[in-house]
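Comments concern the structure below.
The numbers here are math on the coordinates, done by the rules we state, and not lab data. Since the structure is predicted, the reported quantities are computational estimates derived from the model, not experimental observations. Please note: Cβ atoms are built from the backbone with ideal geometry, for glycine as well, and neighbour counts cover all protein chains shown.
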Amino acid sequence: MQRPIATTRSATGIPTGRLAVWWVIASEIVIFGGLLASYLMHRLGHPEFGNYAAYTNTYIGAFNTFVLLTSSLSAVLAHNAAEAKDGVKAAKYLLGTCFGGLVFACVKAYEWNYEISQGFTLTTNAFWSFYYTAAGLHACHVIGGCIIMLILYPDVKKGKELQRVELIGNYWHFVDIVWIFLFPLLYIAK
């Protein structure tokens, strides 16, 4: 059975799924780019941000960076397995990637619980507003990526639609790259 051309190829000859993911990533670059640019502009005009940033836990941020980078490795291994047509192995690595996202989200929840208990809330000042907005938006993307991986898991395990492993992997790498910008801005630059 042949699929309709609209679901397998775009007019450019690029697979439709790949083109769609790159459009999503481009739109996310605009969203996160605007948020980070406004943070940087505000930070440059308010040197007291460094005093507020001193209350973030750099060790927790570094641990979460390690977790996300490790989960990216797992996403690459899932893609390699999918390219080799090994759905079972690709599915296993997708679960590993998803586990990394879950660990990230749990650590972030612990961190926020502690910070809020110390009186640092969204309304404390502009730094904490940016912090919770940027980190929260990023955490939502991590959780969304995990949900998509869990949706893909059954088909990938059966060896079906293995090209989707590359697509979720591209999205996941973008989410990791965003964290690579957020970590130094929110945790290190004090």
Simple spin-label estimate for VAL76 and ILE188 in nanometres, 7 Å along Cα-Cβ: 1.9 nm
Set of lysines near LYS190 by C-alpha distance (under 21 Å), chain-local residues within fewer than 8 positions excluded: LYS108
Checking rank on 140-147, 165-172, with mean other Cβ inside 10 Å and highest first, the result is 165-172, 140-147
If I take R0 = 41 Å and measure r between the Cβ atoms of LEU44 and VAL88 in this structure, what FRET efficiency does the formula 1/(1 + (r/R0)^6) give, to the nearest 0.05? 0.20
In a Gaussian network model over the chain where Cα atoms closer than 10 Å are linked, find which of GLY50, GLY13, GLY136 has the largest mean-square fluctuation. GLY13
Where the convex hull is taken over the Cα atoms of the chain, what is its projected area averaged over directions, in nm²? 11.8 nm²
Pick from TYR52, TYR131, TYR114: which is most flexible by mean-square fluctuation in a GNM of the chain where alpha carbon atoms under 10 Å apart are linked? TYR114
As straight-line cross-link partners of LYS85, the qualifying lysines (C-alpha separation under 22 Å, not fewer than 8 residues apart within one chain) are LYS157, LYS158, LYS160
Using the Cα centre of the stretch 12-188 as origin and beta-carbon charges of +1 (Lys, Arg) and -1 (Asp, Glu), tell me which of VAL178, LEU152, ALA20 is placed farthest towards the positive end of the dipole. LEU152
Provide the packing ranking of 95-104, 116-125, i.e. peptides ordered by the mean count of other C-beta atoms within 10 Å per residue, highest first. 95-104, 116-125
